[in-house]
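Presented below is the structure to which this report refers.
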Amino acid sequence: MPTVYLLDYVAGNIRSLANAIEKCGYTVSWIRSPEEVANADKLILPGVGHFGHCMSQLASAGYLPAINAHIASGKPFMAICVGIQALFEGSVEDPGVPGLGLIKGNLERFDDKNKSVPHIGWNSANSGSKSLHDLQPGSKYYYVHSYMYPYKAGELEAQGWTVATGTYGNETFVGAVAKDNILATQFHPEKSGVAGLRVIKSFLTGEGVKSLGQQLSGPAPTGGLTRRVIACLDVRTNDQGDLVVTKGDQYDVREKGDDRGVRNLGKPVEMAKKYYEQGADEVTFLNITSFRDCPIADLPMLEILRRTAETVFVPLTIGGGIRDTVDTDGTKVSALEIATMYFKSGADKVSIGSDAVLAAEEYYSLGRKLFGNTAIEQISRAYGNQAVVVSIDPKRVFVPKQDATRHATIRTAFPGPKGEEYCWYACTIKGGRETRDMDVVELVQAVEAMGAGEILLNCIDRDGTNSGFDLELINQVKSSIRIPVIASSGAGNPGHFEEVFQKTPTDAALGAGMFHRGEYTVQQVKDYLAEKGLEVRQFEG
Ligand code: 1PR
């Protein structure tokens, strides 16, 4: 099999890229020093995280001259996500750090006045009537980034580039560029299902270079960011010691019968693949109990991720147990080290629950000051804030009057047992076992300040009830922050997904039980949303 060289400079989830390349019939060889770059025929620069972190890693390890020499020699070169950003002269993300300067211009941040930032999800890469490495007008590609190069018609074309664009809100940005031996994508082709694999294949076979810039006569591309539908797998060991997908009713995952065994709904890897093939836009694994009785390097979730990432080419999130901890042999292991293991095993994002609440409590007790030492800050600094999700498990607390508590209340359309017309949402830790004196608004604002990139908003009152999402909770949280929110808990049918997208500004919606019990497929949810006029990505087989 022909070989592709991948630059390994600690850039997050590169395993998925290697898996995608292997799926296209190529072998991956890792480059671990600048001298090895000269051996490469086809070279790929993956990029996850911060512009400055990426450029300084490359510069300090001495890679920049080697990369420039490879590109100048005319050998095939591909750059992904922060990789495309590295081709520009600089970025407002880290103003003092120079890029490679192959493309003139500086990256800007998306405007977050009227939309969530980071831009996360499936969007177009519209190359107009020009051929660009098998990008197709009807396909969607997975983006996750806060910084971008704003598209100005004709500007990059005048520098000889063929350009594809995406549109987010009222901003049109560069989604991919290609010129001669260079292909660079802002989206992650290795996370963009079959549509992304086509792009990688086109680069690897060289077919894309032959047709680059040719006139196309396909349908005109339409649309922007699609509605994101996520399948979530709560995973734990059952009483027999097997790792199973389970699902609770208001977080109680044990059967109602006499034996009270852990509800077993299937095997994690197989179920993840099934949901991928049904068109899930992302798959989330939540390790809902701790596996601290085994060495951290043997965490069973690492193996689940590795196996899932071999066949599932959409983003994977892993949550549960991401905090500073002590290994079985007494060694201290930081949350950042645990997250690194997950990223190296195929995770694109880590989700932090209990530890985020404790960090937020400290943030307020220290007068809203940040010291850079929380798990959220450390992981987002190294991997970018888009890689850090905070998962919240709130519970409704009813109060008779708006000012009956210091917490952020809302007037509810569903009064409490004593007719209380107001409520607030209390944060819990340890899977809902312990309630803290902190409301959801306090929590999300604190974690946004720390650098979290997304909120996974569960709701213990709705979890497993099939009664629909808690729209009041979602609206309260969405109006408090700028980062994207994933609505979770309560989905029982496709109509609930339509409702949450129509009646709240949520960025994504997640379902669990209704998919696991086989009541509806992800495909049925998407077909229903499409019928109602909401834009969705369809699975390309
Ligand atoms: O605190 O960082 O170790 O993370 C623990 C993680 O495990 C948290 O993300 C927490 O939400 C999750 N978790 C802990 N216990 C449970 C439990 O169910 N007993 N599951 C649990 C949370 C909620 C959702 C669920 C939706 C949708 N599960 O993930 O999938 O509510 O369900 P539905 O569509 O069937 O209604 P840490």
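Worth pointing out:
- Placing +1 on the Cβ of every Lys and Arg and -1 on the Cβ of every Asp and Glu, with no other charges, gives the stretch 1-155 a dipole of roughly 360 debye about its Cα centre.
- Pairwise centroid distance, computed over Cα atoms, of the stretch 1-58 with the stretch 63-88, Å: 11 Å
- Whole-angstrom Cα spans of the stretch 64-192 along principal axes, big to small: 43, 36, 29
- Distance between the modelled labels on ALA59 and GLN215, one decimal in nanometres: 4.5 nm (7 Å Cα→Cβ projection).
- With 27 Å as the limit on Cα-Cα distance, the pairs of LYS191/LYS267; LYS42/LYS210; LYS344/LYS369 that go past it are LYS344/LYS369.
- For the stretch 11-146, the share of DSSP beta bridges that are antiparallel, to the nearest 5, is 50%.
- Radius ratio Rg over Rh of the stretch 371-442, counting only Cα atoms, Kirkwood formula for Rh: 1.12
- Over the C-alpha trace of the stretch 323-402, radius of gyration and Dmax come out as 15.2, 52 angstrom.
- Pairs of Cα atoms in the stretch 204-247 fall into 5 Å distance bins, from 0 up to the last occupied one, in shares of 5, 13, 9, 9, 8, 10, 9, 8, 9, 11, 6, 3, 0 percent.
- With a Förster radius of 22 Å applied to the beta-carbon distance between MET1 and GLU277, the computed FRET efficiency rounds to 0.30.
- Derived from the Cα gyration tensor, the three semi-axes of the equivalent ellipsoid of the chain are 38, 25, 24 Å, largest first.
- Residues TRP161, TRP122, arranged from fewest to most other Cβ atoms within 10 angstrom of their Cβ, appear as TRP161, TRP122.
- Counting only DSSP beta bridges whose two residues both lie in the chain, roughly 50 percent are antiparallel.
- Each Lys and Arg contributes +1 and each Asp and Glu -1, all at the Cβ; summed about the Cα centre of the chain, the dipole is approximately 620 debye.
- Ranking of SER73, SER211 by neighbouring Cβ atoms within 10 Å, starting from the fewest: SER73, SER211.
- P(r) of the stretch 294-438 over all Cα-Cα pairs, binned every 5 Å from zero, in whole percent: 2, 9, 15, 16, 17, 14, 10, 7, 6, 4, 1
- Normalised by residue number, the volume inside the convex hull of the Cα atoms of the stretch 131-268 is 168 Å³ per residue.
- Sorted largest first, the principal axis extents computed over the alpha-carbon atoms of the stretch 155-218 equal 35, 29, 24 Å.
- Rounded if a/c under 1.5, otherwise prolate or oblate - the stretch 1-149, Cα gyration tensor axes: oblate
- For the chain, the mean residue ellipticity at 222 nm estimated from helices alone is -8000 deg cm²/dmol, where every DSSP H run of n ≥ 4 contributes -39500 (n - 2.57) and the total is divided by all residues, rounded to the nearest 500.
- Taking the inverse of the mean reciprocal distance over all distinct Cα pairs, the Kirkwood hydrodynamic radius of the stretch 271-364 comes to 14.1 Å.
- The distance linking the stretch 159-218 with the stretch 227-262 is 41 Å (Cα centroid to Cα centroid, whole angstrom).
- Rounded to whole Hz, the Karplus (6.51, -1.76, 1.60) HN-Hα couplings of the stretch 482-496, x for glycine and proline: 9, 6, x, 10, 9, 6, 9, 5, x, 5, x, 7, x, x, 5
- Rounded, prolate or oblate (a/c below 1.5 giving rounded, otherwise prolate when a/b exceeds b/c) for the stretch 353-502 by Cα gyration tensor: oblate
- When Rg and the Kirkwood Rh are both derived from Cα coordinates, the Rg/Rh ratio for the stretch 432-541 amounts to 0.99.
- According to the Cα-based calculation, Rg over Rh for the stretch 120-190 is 0.92, with Rh computed by the Kirkwood formula.
- Secondary structure note: in the stretch 411-534, about 45% of the DSSP beta bridges are antiparallel.
Only the coordinates and a few stated rules stand behind these numbers; no lab work does. For clarity, every value in this text was computed on a predicted model and none was experimentally measured. Note that we place each Cβ from the backbone using ideal geometry, even for glycine, and neighbour counts take in every protein chain shown.
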